[in-house]
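> I am attaching a structure below and will ask some questions about it afterwards.
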Amino acid sequence: MLVNNYFLCVARVCRACLVIGLAALIAGCSGQAHGPDFVFVERHELDSETRAEGGIADPLALIVSVNPTGKLMLNRVDVGTIDDADALSQRLATIFSDRKRADINKRDVVVELDGKIESKVLYQLLDRLHRASASPLRVTMVSNRPK
């Protein structure tokens, strides 16, 4: 009888914790700002999208490359590191401001990963891009890297 009461008590406590946990989760999420939306895409899908008429590169394409050491490049120009992306944020703010003045509403950014990256670090980078008004965000992996 003591064992049965113990399991009944544990079941009630666990059920109560579940209800409290769900309520806290719902309450906590309802007031938060929406995080960055992004999709993972295959590299070959982007090749045709980043080309303008006649097969030349689209001058409005924005590609953020992250190399294996954490170095960030925006369209092949050094813009800091994954740990210090202030230069990237400032550069994007300038680009988007210039585009707004020119009545160009293109703000999409492709993040090109070359190697492994922790999911937390990737999310922080995507969140920084989102806060810089980049949208939509697409992530791809570089698969044909020479060794």
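The values are calculated or read from the model by the stated rules, or taken from the named source; none is laboratory data. Fair warning: this is a prediction, and the values are worked out from it, not measured in the lab. Note that we place each Cβ from the backbone using ideal geometry, even for glycine, and neighbour counts take in every protein chain shown.
> Which pairs do you get when a residue that is outside any helix (DSSP H, G or I) and of a type in the set (Asp, Glu), found in the stretch 55-74, comes within reach of a residue that is surrounded by fewer than 17 Cβ atoms within 10 Å (Cβ to Cβ) and modelled with pLDDT under 90, reach meaning Cβ atoms under 9 angstrom, with the pair 6+ apart or on two chains?
58/49; 58/50; 58/51; 58/52
> Quick check on my filter: what residues within the stretch 56-69 are crowded, with 16+ Cβ neighbours inside 10 Å and of a type outside the set (A, V, I, L, M, F, W, C)?
Scanning the stretch 56-69 gives 65, 67.
> Hey, among the residues in the stretch 91-147 that are in a loop (DSSP other than H, G, I, E, B), among the small types (Gly, Ala, Ser) and at pLDDT below 90, which one's farthest from residue 58 (Cα to Cα)?
115
> So which residues in the stretch 93-120 are of a type in the set (Val, Ile, Thr) and free of Cβ contacts under 8 Å to residues at least 40 places away in the same chain?
94, 95
> Mind listing just one residue for me: the one in the stretch 36-49 that is under 24 Å from residue 123 (Cβ atoms) and not charged (D, E, K, R) and, of those, modelled with the lowest pLDDT?
Looking at the filtered set, the residue picked out is 46.
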